[in-house]
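Report on one structure; see the data block that follows.
Bear in mind that the values in this text are calculations on the coordinates, not laboratory data. Because the structure is predicted, anything quoted here is derived from the model rather than measured. Heads up, the Cβs are rebuilt from the backbone with ideal geometry, glycines too, and the neighbour counts pull from every protein chain shown.
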Ligand code: FNR
């Protein structure tokens with residue numbers, strides 16, 4: 001077993017173990033991938049201010065996220081097809097998050113269903129909804145999430161139309177993956193992946209198959225998804241969903257001060273500053289660069305969370321110091337899952353917490369709530 005000391009280590013193991021088309025699905029952005037690259041590179045441009053001779057005992061990363069206790073200000077972002085990276089991937093990730101004490105978000109486009117994950121866990125998780133044209137499907141899915149005891153609804157607002165990822169098209173990746181000769185060769189090259197996938201007992205795309213009209217099996221799924229994302233999504237539709245849900249609501253995919261102000265006035269419990277990990281509007285700025293504008297616009301009216309590009313505890317610290325209340329990770333835990341299953345997700349969380357804790361100490365801070373601009377050195381003209 002190799003010694004794993006960083007998220008990058010998990011990524012390298014994942015890359016060796018996963019079929020190329022699933023690795024590429026994770027490790028790509030839309031079009032030229034400019035925004036995808038900026039997300040990580042911009043974190044590296046922000047530097048930290050070292051402080052010494054400050055008592056660093058009694059440090060704590062504990063916090064509350066939308067009123068729910070968490071061992072650190074980190075949440076697992078919704079990631080579609082997680083169960084293709086590893087059999088029962090959503091369940092493994094949810095269990096790791098639960099044991100660690102951070103929120104897990106199940107995607108609409110997951111392999112395991114809301115009910116599968118609810119059955120396999122003991123604490124509430126969050127459910128992410130894509131707004132579809134089929135209102136009956138949307139209503140029924142909200143009811144399923146309520147019945148499963150989900151403790152927040154995450155509404156993703158930045159994917160009413162799909163940003164193209166060249167690699168997925170070239171690899172012939174679709175949802176569900178079609179078994180053509182090239183994809184079969186792609187899958188067959190990873191014997192270990194095939195062996196563990198044989199263990200899955202889940203219904204594929206369990207939130208959709210058997211629940212959406214006309215989707216009785218996976219063969220009818222891809223045409224359904226292609227035409228289903230609702231391009232008419234607007235604030236009135238979001239209000240309808242908010243009222244039907246009635247619980248904690250998180251709006252994900254905000255990247256503009258004005259949108260953030262509207263979302264806060266609208267009564268969201270949190271917003272997620274996000275460019276979908278560089279998978280949607282290529283050419284958008286990194287979410288960390290947009291954060292200060294959004295913090296100013298929101299003026300403390302709601303919790304501000306952030307994702308896209310977070311690969312370390314140092315990155316989490318930078319986001320918190322710039323005013324985020326919590327940082328979400330997507331790829332960082334998928335690397336762990338694809339490398340080592342549930343233990344890999346736990347490892348990713350441990351790596352990030354250790355880095356956050358150590359970095360906090362070296363910055364002369366003892367509590368995540370005390371982080372602020374005093375900890376940062378930002379290049380002139382960066383924001
Ligand atoms: C995503 N993301 C995403 N978001 C969402 O709301 N629903 C989804 O189904 C998915 N699916 C998905 C698949 C894959 C493979 C990735 C990498 C991402 C976006 C995700 O929630 C989050 O915004 C980004 O992953 C954050 O960026 P990092 O941490 O991956 O850089």
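Can you tell me the length gained on complete extension of the stretch residue 189 to residue 258, counting 0.36 nm per residue apart and subtracting the Cα distance? Could the numbers behind the result be given before it?
On the way: separation 69, 0.36 × 69 = 24.84 nm, distance 4.80 nm.
Net length gain for the segment: 20.0 nm.
Once the Cα gyration tensor of the chain is diagonalised, what are the square roots of 5 times its eigenvalues, in whole Å and ordered largest first, as equivalent ellipsoid semi-axes? Kindly include the intermediate steps, with their values, before the conclusion.
On the way: eigenvalues 197, 121, 79 Å².
Taking √(5λ) for each eigenvalue gives 31, 25, 20 Å, largest first.
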Give me the extension gain from residue 223 to residue 301: residue separation times 0.36 nm, minus the current Cα-Cα distance, reported in nm with one decimal. 24.1 nm
Please arrange 189, 57 by counting, for each residue, the other beta carbons lying within 10 Å of its beta carbon, fewest first. 57, 189
Please compute the modelled spin-label separation between residue 243 and residue 196, points set 7 Å along Cα→Cβ, answer in nm with one decimal. 4.6
What percent does the relative contact order of the stretch 7-377 come to when contacts are Cα pairs within less than 8 Å and at least six residues apart? 29
For the stretch 235-277 and the stretch 1-58, what is the separation of their Cα centres, given in Å? 27
Arranged from highest to lowest average of other beta-carbon atoms within 10 Å per residue, in what order do the peptides 279-285, 97-103 appear? 97-103, 279-285
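Can you tell me the FRET efficiency between residue 55 and residue 343 if r is taken as the Cβ-Cβ distance and R0 is 25 Å, rounded to the nearest 0.05?
Values: r = 35 Å, r/R0 = 1.40.
Efficiency for this residue pair is about 0.10.
Rank the residues 223, 274 as a footprinting-exposure proxy: fewest other Cβ atoms within 10 Å of their Cβ go first.
On the way: 223 12, 274 28.
Ordered by Cβ neighbours within 10 Å, fewest first: 223, 274.
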Per-residue ellipticity at 222 nm for the chain, helices alone: DSSP H runs ≥ 4 residues times -39500 (n - 2.57), over residue total, nearest 500 deg cm²/dmol? -12500 deg cm²/dmol
At R0 = 25 Å the Cβ-Cβ FRET efficiency linking residue 370 and residue 48, nearest 0.05, sits at 0.95
What ranking, highest mean first, results for peptides 90-96, 367-373, 341-347, 30-36 when packing means the other Cβ atoms within 10 Å averaged over each residue? 90-96, 341-347, 30-36, 367-373
Once you put a point 7 Å from the Cα of residue 143 and another 7 Å from the Cα of residue 265, both along the Cβ direction, what distance in nm separates them? 3.4
Can you tell me the orientation of helix 331-340 relative to the chain, as the angle in degrees between its alpha-carbon axis and the longest Cα principal axis, to the nearest 10? 60
